[in-house]
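Visitor: One structure coming up, written as structure tokens, with questions to follow.
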Amino acid sequence: MQALERVSREGPHQYAVTWGAPNFRAALARKQSRFMQLPLDPDENIVVTCGSTEAMMVSMMTACNPGDKVIVFSPFYENYAADAILCGAVPIHVELRPPDFSFDPDELRRAFEQGAKALVLCNPSNPSGKAFTREELLVIAGLAEEFDAFVLTDEVYEHIVYEPNHHTYFASLPGMFERTLSCSSLSKTYSMTGWRLGYVIASPTIINEARKVHDFLTVGAAAPLQEAAVTALELPDSYYAELRTLYAEKRDFFLNYLDRAGLRYSKPEGAYYVMVDISEFGWKDDISFCEWMAREVGVAAVPGSSFFHEPVNHLIRLHFAKTSETLAAAGERLLKLREKLTHRG
Ligand SMILES: Cc1ncc(COP(=O)(O)O)c(C=O)c1O
């Protein structure tokens, strides 16, 4: 905040270089080279965007022409469907099967065989909380190589992964840097979603094309905010360890309430969402369940069906990126869920 105060007085207040202010790119390259274990060049490998939301759009438009097919795992973060529509790409969905959200390598191969130009990989995943293992990523990498496809990653939760899981950057796998457009942002890592600062990291050839798409989509991310955010990018590694610990505590605190409420859920490996299975309540659909729960229990959830391509309606998504007080209040209310369901008859 002090950095933002200083920038408000001293500037910059005009456009930055469209693909990102040099000092922001330099700080980002230093930080991401360290975590991704890749020697990133701020002038060759980075486009700064308005959040990962724009980064994903830029990536899809860079990789795909209208009519191209894109593999999207289901359930998926809802923006990917919109991205595909906006750039005229045709999604091919591959199931991530609850409760562990694993995929069938044969189904994935069949999707590639349909001529997919790219695959969207959200890792760690919203809404499922899945953190893909290195072995799973190697299966995807092998198919991407075999079928000469791009991989568009959304790694906004790269620093929110729970032990014993850990984050593997897809671009860091052997041979994958050349075909990966790695998207992420400062939104979740530094709890600054409103600043709209994100980026695409890729090879110089890809970045050269991505810069053009980005230039015509938004011109650039806000110059004063890039300047102020350099401070965040220069935080020491202990910051990221503390962030992980903070969210691990929130997760455990909230899951403890779900356990006490006797709810079935998939334990999140990363991100800050938890999918709860409501099939035992015999409700005919998740939307009316969520409406009832918001009204009668006082806890809001997102119907799982909004994330699935398939007709899945026995899951709801809760999230725990909240203060302990709010989580405790929600938890106490969830403890009364069964009783309220019984009274409902
Ligand atoms: C998977 C995923 N990607 C992207 C975003 C949005 O990121 P940004 O704020 O960087 O645009 C979200 C926000 O919830 C998300 O869950």
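The values are calculated or read from the model by the stated rules, or taken from the named source; none is laboratory data. As the structure is a prediction and not an experimental result, all values here were calculated from the model. Neighbour counts are summed over all protein chains in view; Cβ atoms, including those assigned to glycine, are modelled from backbone coordinates with ideal geometry.
Visitor: Can you find even one residue in region 9-25 that is touching a residue at least 40 places away in the same chain (Cβ under 8 Å), surrounded by fewer than 19 Cβ atoms within 10 Å (Cβ to Cβ) and over 24 Å from residue 215 (Cα atoms)?
Guide: no
Visitor: For region 103-136, give me each residue that is closer than 18 Å to residue 155 by Cα and out of contact with any strand residue (DSSP E or B) (no Cβ under 8 Å at 6 or more places or on another chain). Before you say what the answer is, go through the steps one by one.
Guide: Here is the first cut: in region 103-136, the residues closer than 18 Å to residue 155 by Cα are 118-136.
Within region 103-136, 133, 134, 135 qualify.
Visitor: OK, next. Please work out which residue is nearest to residue 225 (Cα to Cα), limiting yourself to region 170-187 and to residues that are within 16 Å of the ligand (Cβ to nearest atom) and touching an Asp or Glu at 6+ places or on another chain (Cβ under 7 Å).
Guide: Among residues in region 170-187 that are within 16 Å of the ligand (Cβ to nearest atom) and touching an Asp or Glu at 6+ places or on another chain (Cβ under 7 Å), the one nearest to residue 225 (Cα to Cα) is 184.
Visitor: Looking at 220, 194, which is the one that is outside any strand (DSSP E or B), free of Cβ contacts under 8 Å to residues at least 60 places away in the same chain and over 25 Å from residue 91 (Cβ atoms)?
Guide: The match here is 194.
Visitor: I'm checking my understanding of the structure. Among residues of region 302-323 that are over 17 Å from residue 285 (Cβ atoms) and touching a residue at least 12 places away in the same chain (Cβ under 8 Å), which one is surrounded by the fewest Cβ atoms within 10 Å (Cβ to Cβ)?
Guide: The extreme case among them is 322.
Residue-wise test of (1) away from the ligand (no atom under 16 Å from the Cβ); (2) at pLDDT 95 or above; (3) surrounded by 14 or more Cβ atoms within 10 Å (Cβ to Cβ).
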| position | (1), (2), (3) |
| --- | --- |
| 189 | no, yes, yes |
| 192 | no, yes, yes |
| 204 | yes, yes, no |
| 215 | yes, yes, yes |
| 218 | no, yes, yes |
| 227 | yes, yes, yes |
| 235 | yes, yes, yes |
| 248 | yes, yes, yes |
